[in-house]
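The values are calculated or read from the model by the stated rules, or taken from the named source; none is laboratory data. These figures come from a predicted structure and were not determined experimentally. All Cβ positions, glycine included, derive from the backbone under ideal geometry; neighbour counts span all protein chains shown. Note: areas computed on protein heavy atoms with side chains; ligands, DNA, RNA excluded. Shrake-Rupley method; radii C 1.70, N 1.55, O 1.52, S 1.80 Å.
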Amino acid sequence: RSFLNREDIGIVLISQCLAELIRHAVEAHARPLPAGLEIPSKEHPYDPAKDSVLRRARGLCAPEDLR
């Protein structure tokens, strides 16, 4: 939470497996800056269904817009 309140940070990178442990905090963050981005780790496979940024982006676009 301290990273999300700092003015000198624009992007917070967090591995997806750690984001799962604090999913409530990740989902609650709605401000554009700093942006929270989930990234894959070497130890855990990436699951696009759990990526909060990808889910939000899908909600902004209609499927016909992507063709």
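Highest mean first, the peptides 41-52, 12-23 sorted by other C-beta atoms within 10 Å per residue fall in the order 12-23, 41-52. On segment 11-59, 68 percent of the accessible area sits on carbon and sulfur atoms, based on a 1.4 Å probe.
Residues in segment 11-59 average 69 Å² of solvent-accessible surface per residue, probe 1.4 Å, ligands and nucleic acids excluded.
From zero outward in steps of 5 Å, how is the percent of C-alpha pairs of segment 11-59 spread across the bins? With a bin width of 5 Å, the distribution comes to 5, 22, 34, 27, 10, 3.
Rounded to the nearest whole Hz, the Karplus-based 3J(HN,Hα) values (6.51 cos²θ - 1.76 cosθ + 1.60, θ = phi - 60°) of segment 14-19 follow the sequence 9, 5, 4, 5, 6, 4, with x at glycine and proline.
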